[in-house]
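All remarks here apply to the structure that follows.
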Amino acid sequence: MLEVTDLTVAYGGVVALDGVSLAVAEGTITTVLGANGAGKTTLVRTISGLIRPRRGSVRVADIDLTGHAPEAIARLGVAHVPEGHGIISEISVDENLRLGGLWRRDRADQRLAIEEAYELFPPLLGRRHLHAASLSGGERQMLSIGRALASRPRVLLLDEPSLGLHATVLAQIMDRLRTLTRERRLAVLLIEQNARSALSVADDAVVLSLGRVVARDRAAQLAGDEALRHAYLGF
Amino acid sequence: MRTFLILTVDGVTNGFVYAIVALALVMIWRATRIINYAQGAMGMFTTYVALFAISHGVTYWLAFVIALGGGFLLGAAMERVLVRPVESRPPLNAVILTLGLLIFLEALAPMLFGGQVRSFPAPFSRIDLSIGTTQLYFSPYDIFVIGAVILTMVALLLFFQRTTIGLRMRAAAFGPEIARLLGVRVGRMLTLGWGLAALLGAMAGALIAPAIFLYPNNMDEILVFGFTGAVVGGLDSPVGAVVGAVLVGLGLSYVGGYAGSDLETIGGLVILIAVLMVRPQGLFAARKERVA
Amino acid sequence: MSAVRLPRSTVLRHALFFLPLGVLLLAVTYVLDAFTNYNIAGIAIFAIAAAGLTVLTGINGQLSLGHGALMAVGAYTTSLLLKSQPQFPFLLTVLVSIVSTGVAGGIIGVAAARLRGPYLAGATLALAVGLPQLAIHFGSVLGGNQGLNVAPPVAPTALGGDFPEERWLAWIAIVAAVITLFLLANLVRGGTGRTLRAVHDNETAARIAGIDVARVQVLAFVISAACAGLAGSLFAYWVGITAPTGFGLQLSLQLLSAIVIGGLGSLWGAVWGSIILVYLPVWTSGLTSNLNLSSDITNNLPLAVYGAVLVFAMLVLPRGIQGTVTSLFGGARDWFLKRRLDQRTAEVEL
């Protein structure tokens, strides 16, 4: 579903991504791990169109997205949940959710999608018409993910969803995520620093270091590889 | 007492016009962190265009619509062609750019339309009404101005709060990167925003022209007063802009009436400095930032 | 024979540059016609004001849209002094004007010390639009709309009875400009300049380093106001009449555009900008008279061109003339150096 081929990104003299390739199949979660500065966020921002790559390509369902504007890429079914919540505080919770799929033609399905987001994350329902600024960290993360899902994406890019979240809340969200991925045949790319929790929910894993892919395997295998874990993941 | 009432009505009426300018400035400031110093001059230019139309047989109302439409196009074109390239550069560039446009328009207008002072028609009488022998202190035109401004503000409120495109524009202004990730065409929304702001400026120009006459620099003071109103209210608050502008209008009216009409602008300056020194964030601001 | 060594001291180096330059300019006025000398005086006067504005806006980063009003303070001080004491000595008149404008600048600087960005711009804008009106309100003293007349300065008899008025005016202006630029150049290169720049670059860091930011901001205003005062005083002599219309928003914007087009932050840029400021109307009026265009067009064409050039400059040449020239030279120099380096490397490898 999502195919990244030989992606290279450089700014000034710094090479942030160096020939990164990966593929995420429908209905699976692939996690991208690595230390700070390894290029994980750059990768996701390039896929969603916020950064232009110097070389390489990004394809979704065989459509070449490379070099397109982020809004066009979003309309093709790529939902990016940015690092640090990515909600708009000055508008209401409901408006944030609606924003997720304003461009969709199917209005009825859109309303349904929003209702589903509330079912998925009940705390949001009570705060429906409040400014998003009044939400707690965990609720913001829920809103962020709910908003991404409300656009009925094919590809979901999650950048550090665990940031600032309680372990229990995180576990709940990850659990729901796995269910949704299977049910809706999503292709999920999960960026995480918290490697342990990511590896427990993902199907496949890719490890980045200094912009390069240094390891690639099934998540379970990687979790069991002690040497690799010590070298790149810190546990 | 009578003087006080007259000055109050004048202050409120003028204040409402300053309010539209203030709203236009705040709209653009919130979306792009730029103050459009050319906003007043653009309003002057569209009023000249309207006068041109009127002198060629077009009715006032059609000319008014033409001015508004022209303003919209001017603002949209300005964003697309001039402002887009400098949005990502240091703020001084945008300041110089809008000032350059101000100078250009204030020179172009007399070149096209002649530099002498012109009178601009009012669609309603500007003579104060009276019921029997009691004189009221406002004229039909004053009612029209206040009514038009209130109507516009309500329309804007509904537009931004209740329509999808209004939501998109708010998203584009408050969180452009996230909005893009959600499929909002942020560039288009910004162009639309500038167009709307310029439409407001055009309205201000046409509404105030009967009172202050039409000449190339006539909107300089209006811009300053509108800006002062926006600052008093807090640059990030549309409600503040309106309240601030009306307060400024009142203040200036009293200064002009009791101290001398040529002290009005200095009075405005004093108000501005006083507010900036005493309560820098304005009356309605949520954030306490005074840095650009 | 060894190459000539430039003295280490910046002040001395600057003196060695400015002194001959000044003498050269004074000599050149002998071969130029009256009209050109008059324009040279104008360029020098604007260069003084523009250089002061460069220190404030270009180097210290405070945007002022109101320096036309400060020039007005200088001009009106001079005009009032001469009105009440027609025989007041020239040098003293100018000095008093510099001081009065410097004080005005200090007051504004204090009021504006906490303002940044659009707030500062808006406040100085209000000043530019509002101050000239004071002249109308206090019309009996300040001459109202008609303004106050100023007689041109008379050349000392030592220079000969028939020393032309324009040349003397040009001489005064040139000497004033050379001295001002010399002083400012030293200031910019020295500790004060560094402090001004430091506050512009990163205010928080400057504060942490112990710099009294508010005092620096006020100082910058005072310096630039003193320059505006000098320019305004000479301006009164140059124009011959001091009236509010000459000091409106347009003058402030013209000064700002001069330093931007010339190259923000560069004293040389202030000079380029002033040349354009004075000569643009001359060129365009030549153009319009050839084409027989109406007076509305003639009067406004220079400003229309200004506005257009400003917009164009921001879009295409954000660093102005001086900046573009420097980067071109820098680019050429880099190219030469690289070539030499490559050659040397090649030699070493062989």
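The values are calculated or read from the model by the stated rules, or taken from the named source; none is laboratory data. As the structure is a prediction and not an experimental result, all values here were calculated from the model. Glycine also receives a Cβ, built like all others from the backbone with ideal geometry; neighbour counts cover every protein chain displayed. Quick note on the areas: whole protein, heavy atoms, side chains included, nothing else; ligands and nucleic acids left out. Shrake-Rupley method; radii C 1.70, N 1.55, O 1.52, S 1.80 Å.
For residue B:26, neighbours were defined as the other residues whose beta-carbon sits under 12 Å from its Cβ, and their charges (Lys and Arg +1, Asp and Glu -1) total +1. Between the C-alpha center of region B:70-122 and that of region C:217-233 there is a gap of 30 Å. Calculated accessible area for region C:82-159 comes out at 48 Å² per residue, all protein chains present (probe 1.4 Å; ligands, DNA, RNA ignored). Its alpha carbons give chain A an Rg and a Dmax of 17.2, 52 Å.
With distances taken between every two different alpha-carbon atoms, region C:203-345 has a Kirkwood hydrodynamic radius of 18.5 Å. Within the listed set A:158, A:177, A:125, the Gaussian network model of chain A (springs between alpha-carbon atoms below 10 Å) gives the highest mean-square fluctuation for A:125. Report the normalised scattering of region B:99-154 as log10 I(q)/I(0) at q = 0.12, 0.13 Å⁻¹, calculated by the Debye formula with identical scatterers on the alpha carbons. With one equal scatterer per Cα and no solvent, log10 I(q)/I(0) is -0.55, -0.61.
On a per residue basis, region B:1-151 carries 42 Å² of accessible surface, using protein heavy atoms and a 1.4 Å probe. Calculated FRET efficiency, residue B:88 to residue C:327, Cβ-Cβ distance, R0 = 25 Å: about 0.80 to the nearest 0.05.
Percent of C-alpha pairs per 5 Å bin in region B:132-181, short distances first: 5, 18, 14, 13, 11, 10, 8, 7, 5, 4, 3, 1, 1, 0. Cα centroids of region C:104-143 and region A:69-131: 49 Å apart. Please give the Cα centre distance for region C:173-187 versus region A:7-22, rounded to the nearest Å. Each part's Cα centre sits 52 Å from the other's. Interface B-A: total buried accessible area of about 1900 Å², 1.4 Å probe, protein heavy atoms only.
Rounded to the nearest 20, the Cβ-based charge dipole of region A:85-147 about its Cα centre (Lys and Arg +1, Asp and Glu -1) stands at 140 debye. For chain B, the longest principal axis of the alpha carbon atoms and the long axis of helix B:91-113 meet at an angle near 50°. When nucleic acids and ligands are ignored and a 1.4 Å probe is applied, residue B:137 ends up with an accessible area of around 50 Å². Chain C contacts chain B over a buried accessible area of about 3900 Å², both sides summed; the probe is 1.4 Å and only protein chains count. The trypsin sites (Lys or Arg not before Pro) found in region B:189-292 that occupy coil by DSSP, while having at most 16 further C-beta atoms within 10 Å, are B:287, B:288. Rg of the Cα atoms in the protein assembly as shown, relative to 2.2 N^0.38 Å, amounts to 1.11. Interface burial in region B:107-125 reaches 50 Å² or more for B:111, comparing the full protein assembly with the chain by itself; accessible area from heavy atoms with a 1.4 Å probe.
Using a probe radius of 1.4 Å on heavy atoms only, what accessible surface per residue do you get for region C:203-270? Whole Å² is fine.
Values: 2130 Å² over 68 residues.
I get 31 Å² per residue for this part.
What percent do you get for the relative contact order of chain C when only Cα pairs under 8 Å and 6+ apart count?
30 percent
Determine the share of the protein assembly as shown's accessible area contributed by carbon and sulfur atoms, expressed in whole percent, with a 1.4 angstrom probe. Walk me through the intermediate numbers first.
Numbers: 23770 of 37940 Å².
Carbon and sulfur together cover 63 percent of it.
Over chain C, the fraction of Cα-Cα pairs per 10 Å bin, rounded to whole percents and listed from the shortest bin up, is 5, 22, 32, 24, 11, 4, 1, 0, 0. Within the listed set B:248, B:224, B:232, the Gaussian network model of chain B (springs between alpha-carbon atoms below 10 Å) gives the highest mean-square fluctuation for B:224. Counting only protein heavy atoms, probe 1.4 Å: which residues of region C:129-149 lose 40 Å² or more of accessible surface in the full assembly compared with their chain by itself? Residues of region C:129-149 that lose at least 40 Å² of accessible area once the other chains are added: C:129, C:133, C:137. Summary value for chain B: 35 percent relative contact order, contacts being C-alpha pairs under 8 angstrom separated by 6+ residues.
Build a GNM of chain A with springs between Cα atoms under 10 Å apart, and of A:46, A:179, A:28 the one that fluctuates most is A:179. Residues of region B:176-215 that bury at least 30 Å² of accessible area when the other protein chains are present, relative to the chain alone (probe 1.4 Å, heavy atoms, ligands and nucleic acids excluded): B:177, B:178, B:180, B:181, B:182, B:183, B:185. Exposure here means at most 14 other Cβ atoms within 10 Å; with trypsin sites (Lys or Arg not before Pro) in a DSSP loop as sites, the longest stretch of chain C lacking them is C:9-350.
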